[in-house]
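What follows is a set of notes on a single structure, which appears directly below.
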Amino acid sequence: MTRTLALLAAVAGLLLCAPATAVAADPLRTLGGDSPLCGHAGLDAQARSDCEATGAIEHSYPLDRYRFDWHIDTGITKDPTSNLLAAVQWLLAMAWLTLLYALKGVLLAFQWAFSLNLLGEAMRPTRQALERLHDRTLGQPWLLAAITLMGLWGLWRGIVQRRTIETAAGLAAASVMMAGALFVIARPAETIGALSRGANDVSLGFLSGAADGTLTNPSRTIAGSSRQIFDAVVLRPWCAMNFADVTWCTSTAPGDRMTRAERWLRYDPDTRERNAEWQILDDPDSEPWTNTPDVLGVSIPGTDILQADHDDIRDQLAGYKPNKADSERVEIQGKGKTVVRVGLFCLIGLGMAGCILLLGWLSLRVLLQGLLTLVLLLAAPVMLLAPAFGEHGRRLFTGWAKKLLAATVAKAIYALLLAIVLAINTIIASLDGDLPWLAVWLVSAVFWWGVLLKRDELLGWLSLGPQRDQHSSLTRAYHAAPITGPITSALTAAAATTVAGPATGLAAAASTARRAQANRRQDGDHGLRSTATSELRTRARDRLDHRYESLHTQLEQHDDAKEKTQGLTRRISTLDRTIDQAENAERRARTPEERGEAQQRRREARNERAKLISQRKALEPRLLPRAKEGVARKFIETADRSHVETGERYTTRQLDLQIEELRADAVHPATDERHAWRQATWQPGLPERKLAALTPDQRRDVDRHLVEQLDRDRALLAAVPSPEQPPTQLTRGARRDARSHVDPKELRENTDHARQARRNPAPEHHR
């Protein structure tokens with residue numbers, strides 16, 4: 001019985017040691033997932049070494065080893081929380097492994113996209129397929145029938161309908177098209193093949209030039225770009241999730257010749273060797289490297305590997321012993337840091353998904369352009385017959401030729417965008433030494449997702465296409481009206497099927513992006529004009545309020561002066577009568593006493609009269625002319641009535657007229673008297689008499705305030721067209737200046753309103 005238990009224990013020990021000693025086959029290599037560049041010349045020593053070790057040019061260790069580790073005691077007798085956290089860690093590991101394989105597929109697509117030349121490597125079978133389609137499938141009878149039909153069409157148009165010039169031009173164009181199709185069918189390598197090789201060379205030139213500034217070794221450039229992407233998206237995030245310190249992970253311990261990441265990646269996860277690496281960091285005082293004790297007297301094989309590895313590590317470390325700081329680096333692998341690891345994984349996974357989607361989309365688009373070119377080229381025997389079916393057939397042929405040309409050269413456009421993405425990604429990765437790794441990762445994630453979401457606009461910008469509607473001549477061939485007859489209908493259907501799918505044309509995508517950008521700019525301009533108009537109406541209201549208060553004060557002074565003047569006039573008239581009476585009394589006086597008394601009354605009356613005349617003259621400046629008084633009273637009466645009826649003193653028409661007056665006054669400097677009303681906006685509520693008695697410092701503040709207000713109004717007026725001028729597109733400077741002086745929230749609301757109005761226009765009402 002004892003021997004049976006010992007034998008069972010030995011078998012269990014062998015099973016436990018199996019992962020450490022057996023070497024599992026890498027499915028990526030057995031399934032043909034090696035990098036297509038591994039056989040190319042010109043790779044550097046690192047890329048060649050990686051190819052020999054893993055079959056990939058971007059990583060030195062099998063992809064499965066980049067799974068992160070966790071160390072949580074589980075079992076039926078353990079705490080249920082530990083089992084739950086271990087399950088969470090396992091799910092995270094599976095999700096991480098899924099992202100790793102997705103990125104691996106994207107990198108393979110990227111490498112295949114720039115190492116595979118379909119028209120170069122598949123030109124011989126392509127030529128054979130073209131010959132079979134032209135000679136055997138369609139053959140000479142179809143070509144003769146097409147030429148006959150073209151001749152009959154020429155006779156009908158030229159002789160019967162007497163459209164000689166149009167018929168001659170149509171026949172000449174059809175002949176040239178058919179000759180061009182025959183030349184392409186006869187020599188595909190010298191025509192489309194040469195154009196494809198040129199586009200492929202330009203693509204590699206874009207990628208090499210943007211990556212390392214040289215065009216001599218594109219294979220090395222692609223290898224370097226792949227390695228840089230893998231290090232930024234896999235290695236460093238793996239260090240972050242496995243040790244919570246990227247710098248510590250990518251550096252070496254004192255006396256060691258390998259980085260800590262390389263030391264761990266030598267072994268598969270959950271093996272004795274890798275667990276021993278964790279244990280010596282988790283508990284530096286332990287000795288996990290000694291031989292495992294016998295189980296029930298039976299020696300377990302494989303423990304000598306641990307002892308040898310222990311000696312190797314001790315020799316490399318040269319006596320260095322991990323400290324407490326090293327132990328803290330592996331705490332994230334325990335159950336206490338599971339929540340932290342989940343949050344970190346979500347952040348990393350989000351950014352990694354953006355990188356995978358962006359690079360995958362660009363790489364697949366580059367591959368699809370080659371496949372599309374091959375499909376369109378094989379449609380040449382069908383397109384050879386199309387020009388014989390009149391104008392619609394020639395239009396169909398023109399559309400096919402444009403799509404074939406666009407598909408051939410589009411690879412260079414996608415390669416340029418991909419080169420820009422890789423160059424900027426390299427720039428962001430170079431900030432790792434200046435910024436914390438998390439900040440660099442967030443910037444990278446924003447960049448990947450931003451380019452992915454704006455890819456159509458960037459593609460439209462790089463295509464340098466003309467500003468035209470997306471249903472241009474390049475895409476109208478899809479919707480060409482069918483020609484009468486079963487043959488032409490079949491031709492149209494075949495052509496439409498050939499060019500459908502992802503090859504709708506680079507010009508259509510560029511035109512769509514430009515159209516969307518123009519709509520956004522138009523909505524933004526409408527919103528900016530509305531917001532600027534609202535701001536200017538506020539300024540116009542301030543100006544009218546100042547005029548209202550000023551006229552109200554002038555009328556009060558006028559009424560007071562008028563009343564006083566009338567009283568003084570009456571008193572002067574009385575004094576005039578008193579003077580006349582005194583003069584008459586003086587003439588009738590018979591005695592000196594009577595004459596002296598009359599003279600005294602006349603003198604006092606004249607003095608009083610002069611004083612009253614002086615007072616009346618002082619009141620005259622406060623009197624308004626009759627016309628100005630009438631305008632002022634009408635203005636105040638209208639404003640008061642409008643305020644009672646509508647709650648607003650001024651109508652929209654009055655405010656818009658004031659805006660035009662502001663526009664006319666804006667050409668004058670701030671020191672002009674036309675802008676005197678702006679002083680009231682310096683300190684609202686400050687009386688006019690205090691404005692006239694300002695200190696020099698206060699006067700400088702007022703002058704600065706006037707200049708700022710005038711500059712603000714000029715910027716807003718530049719965004720609002722005059723009623724006499726048609727609305728035009730705002731310049732970039734005018735748009736920027738106006739945006740700096742409006743409320744951002746109101747601007748967003750007005751822009752959204754303009755967008756909704758454009759998308760859902762109000763129905764027109766017909767009388």
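Annotations
- The accessible area of Met177, taken with all protein chains in place and a 1.4 Å probe, comes to roughly 40 Å².
- Across all C-alpha atoms in the range 572-702, the radius of gyration and Dmax reach 27.2, 79 Å.
- Short-range pairs are left out: with C-alpha atoms under 8 Å and at least six residues apart, the relative contact order of the range 517-675 is 30 percent.
- Alpha carbon centroid spacing (whole Å) that separates the range 693-725 from the range 386-417: 58
- For the range 617-660, alpha-carbon Rg relative to the globular expectation (2.2 N^0.38 Å, N residues): 1.53
- Relative contact order of the range 557-638, taken over Cα pairs closer than 8 Å and 6 or more residues apart, is 43 percent.
- Neighbour net charge for Val451 - beta-carbon separation under 14 angstrom, K R +1, D E -1: +1
- Highest to lowest packing among 404-417, 574-587, scored as the average C-beta count within 10 Å: 404-417, 574-587
- For the peptides 743-749, 73-79, 558-564, residues were scored by their other Cβ atoms within 10 Å and the scores averaged per peptide; the highest-first order is 558-564, 743-749, 73-79.
- Residue-count net charge about Leu372 - beta-carbon cut-off 11 Å; Lys, Arg +1, Asp, Glu -1: +3
The values are calculated or read from the model by the stated rules, or taken from the named source; none is laboratory data. Bear in mind the structure is a predicted one, so any value in this text is a computation, not a measurement. Neighbour counts run over all protein chains shown; Cβ positions are idealised from the backbone, glycine included. Please note that ligands, DNA and RNA were not included when accessible areas were found on the heavy atoms of the full protein model with its side chains. Shrake-Rupley method; radii C 1.70, N 1.55, O 1.52, S 1.80 Å.
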